[in-house]
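Here is the structure we will look at, set down as structure tokens.
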Amino acid sequence: MAAELSTSINIKEPRWDQSTFVGRAKHFFTVTDPRNVLLTNEQLAHAHKIITDYRQGVVSPGLTEDELWRAKYVFDSAFHPDTGEKMILIGRMSAQVPMNMTITGCMMTFYKTTPAVVLWQWINQSFNAIVNYTNRSGDAPITVNQLGTAYVSATTGAVATALGLNALTKHVSPLIGRFVPFAAVAAANCINIPLMRQRELQHGIPITDENDNRLGESTKAAQQAISQVVVSRILMASPGMAIPPFLMNHLEKKAFLKKFPWMSAPIQVGLVGFCLVFATPLCCALFPQKSSMSVSRLEPELQEKIRANHPGVERVYFNKGL
């Protein structure tokens, strides 16, 4: 008989070394795997049971280490790391590629008319609002008013940016016009993410020591976390919104798309999807998920509290969110 699996495997942390970019990339290629969207409730419940039992020292009969790690990543793909609640399907990181390739591809195909710009920027910001709420850091609730303010502000900012740039690019080459959606998305990310996570900026996010002992809540940590997420999201969108315009500008001059112009949208969606399959995990991996900062960079009152109660702690850790 095979030996029972050890209960000493640390499944609180990812399988790969998160101090290296390669380790984080392997982790996020697993987290953002689009196939996880197809998991049934039964499969999610099974993974939840395996992980919950294992954390309590109970090993499912016949469970292997590979199966344990697979269950961990299924569990992580659907349940929030701080609240433990099941996340909205389209807000999960595994839905990023299929959702973003469709929305981004359509934004870049139908960017010339005002109604099309308004429609697709609204759809994009509605999706972003769901993603930002679903993947927020910490376990504090966000109010309906805060959600509404973030949603309306980001959508207005994106539409205004797109329409303004469209007006400016009417007399330049079509290639430049194709980059208008990217500028609008970048601007909206700078508005949407901080507003959607404004409660963290006001009240702070949980910080811990290296052993996961909670030390308090920090707004300085929230500022660092949100800044890193904004940078990651903008860079995540870059390849899918920067490379296809050049390719489409070339392809639309060819006989095939002149004969079958309706193929432009699906080809653009496919190109964006190909870029996002790689850009999504690689840009998520730019910064450690469990971010850290020196105690000396925290709020003065929090520094005093930590130095009084935990004199040996020089660095604190927090979940930056996605």
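The values are calculated or read from the model by the stated rules, or taken from the named source; none is laboratory data. Keep in mind that this is a model prediction, so the values were computed, not measured. Using ideal geometry, Cβ is built from the backbone for each residue, glycine included, and neighbour counts are taken over all protein chains shown. Accessible surface areas use protein heavy atoms only, side chains included; no ligands, DNA or RNA. Shrake-Rupley method; radii C 1.70, N 1.55, O 1.52, S 1.80 Å.
Within the stretch 300-310, identify whether any single residue is outside any helix (DSSP H, G or I), more than 25 Å from Ala237 (Cα to Cα) and small (Gly, Ala, Ser), and answer yes or no.
Looking through the stretch 300-310, none of the residues is outside any helix (DSSP H, G or I), more than 25 Å from Ala237 (Cα to Cα) and small (Gly, Ala, Ser).
Would you say Val31 is at pLDDT below 85 and crowded, with 16+ Cβ neighbours inside 10 Å?
Spelling it out, Val31 is indeed at pLDDT below 85 and crowded, with 16+ Cβ neighbours inside 10 Å.
Would you tally the residues in the stretch 1-49 being touching a residue at least 24 places away in the same chain (Cβ under 8 Å) and part of a helix (DSSP H, G or I)?
Number satisfying all stated conditions: 17.
Does Leu89 satisfy the criteria of being closer than 24 Å to Ile267 by Cβ, open to solvent by 20 Å² or more (accessible area, probe 1.4 Å), aliphatic (A, V, I, L, M) and at pLDDT 85 or above?
The answer is no for Leu89.
Hand me the list of helices (runs of 4 or more DSSP H) wholly inside the stretch 168-287 holding 2 or more residues that are open to solvent by less than 20 Å² (accessible area, probe 1.4 Å).
The helices (runs of 4 or more DSSP H) meeting that bar are 180-196, 219-251, 264-284.
Could you tell me whether any residue of the stretch 300-309 is touching a residue at least 40 places away in the same chain (Cβ under 8 Å), surrounded by fewer than 21 Cβ atoms within 10 Å (Cβ to Cβ) and within 26 Å of the chain's Cα centre (by Cα)?
Taking every residue of the stretch 300-309 in turn, none turns out to be touching a residue at least 40 places away in the same chain (Cβ under 8 Å), surrounded by fewer than 21 Cβ atoms within 10 Å (Cβ to Cβ) and within 26 Å of the chain's Cα centre (by Cα).
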